[in-house]
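Below is one structure; the comments refer to it alone.
No value in this document is a laboratory result; all are computed from the given coordinates. Fair warning: this is a prediction, and the values are worked out from it, not measured in the lab. FYI the Cβ positions are ideal-geometry reconstructions off the backbone, even for glycines, and counts take in every protein chain you see.
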Amino acid sequence: MSTNKSYRSALIFLTTLFFLWGFITVLVDSLVPRLKDVFEMSYAKTVLVQFAFFTAFFVVSVPAGTLLSKIGYRKGIVLGLVIMALGCLLFYPAAEYRNFNVFLIGYFTLAGGITVLQVAANPYVALLGSEEDASSRLNLSQAFNSLGTTIAPIVGALFLLSDSVKTSEEINLLTDLEKVDYYSAEAATVQTPFLLIAAFIGILALIFAFIKLPKVMQESPKGGYLSLLKNKLMLMGALGIFVYVGAEVAIGSFLVNYFSDMNLAVIVMENEMMMNIANTIASVFNKTFSNSDPKSLLGIFIIFYWGGAMIGRFIGAYLTKIMDAGKVLSMFASLAILMILISINTQGLISMWSILAVGLFNSIMFPTIFTLTLEGLGELKAQASGLLCMAIVGGAIIPFAFGSLIDGFGFKKAFILTLICYGYVMYYGKLKSRKTA
């Protein structure tokens with residue numbers, strides 16, 4: 001009984017972390033269209049932001065897994081939070097001096113901290129109970145991660161995309177005093193939100209420094225990583241994480257640009273129901289879109305992409321409890337494919353809502369692939385988690401390829417890359433379903 005109570009307490013504290021890194025990850029997405037305008041970059045170069053963010057998962061995951069096995073979950077979580085806070089603080093000088101390279105260093109540092117949390121929290125939740133219910137349990141925990149990703153676009157749209165960015169030609173026409181005022185205002189737009197986030201992370205670090213967490217980690221056998229690299233199903237699961245995260249981030253990062261490319265701002269402004277939806281969401285922050293920048297208006301609708309993921313994870317937590325997890329994974333991947341096909345073959349609001357609906361079917365993919373891959377690995381689960389978190393680097397590589405395809409062929413053709421990604425996830429779900437049948 002006391003063990004179950006300690007498990008519940010641990011899950012409650014961990015839920016805060018899931019929420020936090022979901023919120024920050026998507027807030028990074030909100031900065032992508034703004035940085036594109038500020039530094040007047042191509043789509044491919046803009047994705048260097050995501051590249052810096054997700055490359056950290058590839059670099060830090062295995063060292064994080066090794067470190068956690070030595071210092072334990074609690075100290076690892078505190079370390080991860082401290083690194084995250086430092087990353088957020090780096091955005092202050094980056095914005096102050098409009099230095100893109102410092103932005104990239106800040107993103108990499110922030111992601112390094114998130115990586116430590118990911119490596120610890122995902123297997124930890126999977127181990128806090130029976131293996132049969134691991135997918136359901138992690139889907140439920142990830143639902144609160146999605147709550148963070150749902151709120152972040154609102155904050156991003158209202159505070160990071162809420163004013164127009166001047167081109168270099170427009171800036172050159174300003175007086176020296178006007179330039180100083182403009183640069184100060186631009187810097188504050190980015191600095192204030194991330195200073196507040198850094199302060200919140202610091203408070204969390206202090207909390208985790210003093211709470212006790214149940215010990216579930218066992219010492220992994222030596223040579224575990226070599227054994228895992230010889231495990232075909234383990235490698236296939238890692239590839240599933242790679243393509244899923246890549247597709248999800250690629251779509252999420254470019255939604256505002258995709259909508260702008262279709263000139264959806266005009267359609268939305270002329271549609272009373274759509275404007276009512278946007279203003280209802282904005283009213284939470286006492287804002288209105290009557291005279292707003294088009295990117296801010298379009299950005300508010302991304303709440304439905306990440307909000308769909310939240311709803312889908314609550315649904316997925318139930319479905320994976322009563323159905324084979326592999327079958328549920330395959331079904332959701334096939335529906336994501338259908339939504340993309342509808343979007344690229346239509347225009348206007350149908351195209352908009354269908355691509356937003358992909359978020360609903362993204363929902364269960366990460367936690368379900370993660371737990372399906374860990375099945376039967378016994379004492380190697382901690383090290384397997386490190387390798388699976390390394391695969392999150394797909395969030396750097398695939399969006400960069402997606403951005404390059406947009407530059408060369410346009411949005412509609414670029415989406416073929418995401419269809420391939422979800423096609424593999426569908427195949428992996430069917431494969432795991434047959435293995436457990």
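So here's what we get for this one:
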quantity: Exceeding the 31 Å Cα-Cα cut-off - candidates 75/432; 327/412; 75/381; 212/321; 295/430; calculated: 75/432; 295/430
quantity: Extent along principal axes [Cα atoms of region 353-413; Å; largest to smallest]; calculated: 47, 24, 11
quantity: Length gained when the stretch residue 195-residue 345 is fully extended (0.36 nm per residue, less Cα-Cα span); calculated: 49.8 nm
quantity: Orientation-averaged projected area, Cα convex hull of region 58-115 (nm²); calculated: 3.7
quantity: Protection proxy ranking, peptides 260-269, 54-63, average beta carbon neighbours within 10 Å, highest first; calculated: 54-63, 260-269
quantity: J(HN,Hα) series, region 402-410, from Karplus relation 6.51 cos²θ - 1.76 cosθ + 1.60, nearest Hz, glycine and proline x; calculated: 5, x, 5, 5, 4, 4, x, 10, x
quantity: Peptides ranked, highest mean first, by Cβ atoms within 10 Å: ranges 110-121, 83-94, 405-416; calculated: 110-121, 83-94, 405-416
quantity: Whole-number D in µm²/s for region 295-437 (Stokes-Einstein; Kirkwood sum over Cα pairs; 25 °C, 0.890 mPa s); calculated: 150
quantity: Point-charge dipole on Cβ atoms (K/R +1, D/E -1) for region 317-437, about Cα centre, debye to 20; calculated: 280
quantity: Length released on extending from residue 225 to residue 353, taking residue separation times 0.36 nm less the Cα-Cα span; calculated: 41.8 nm
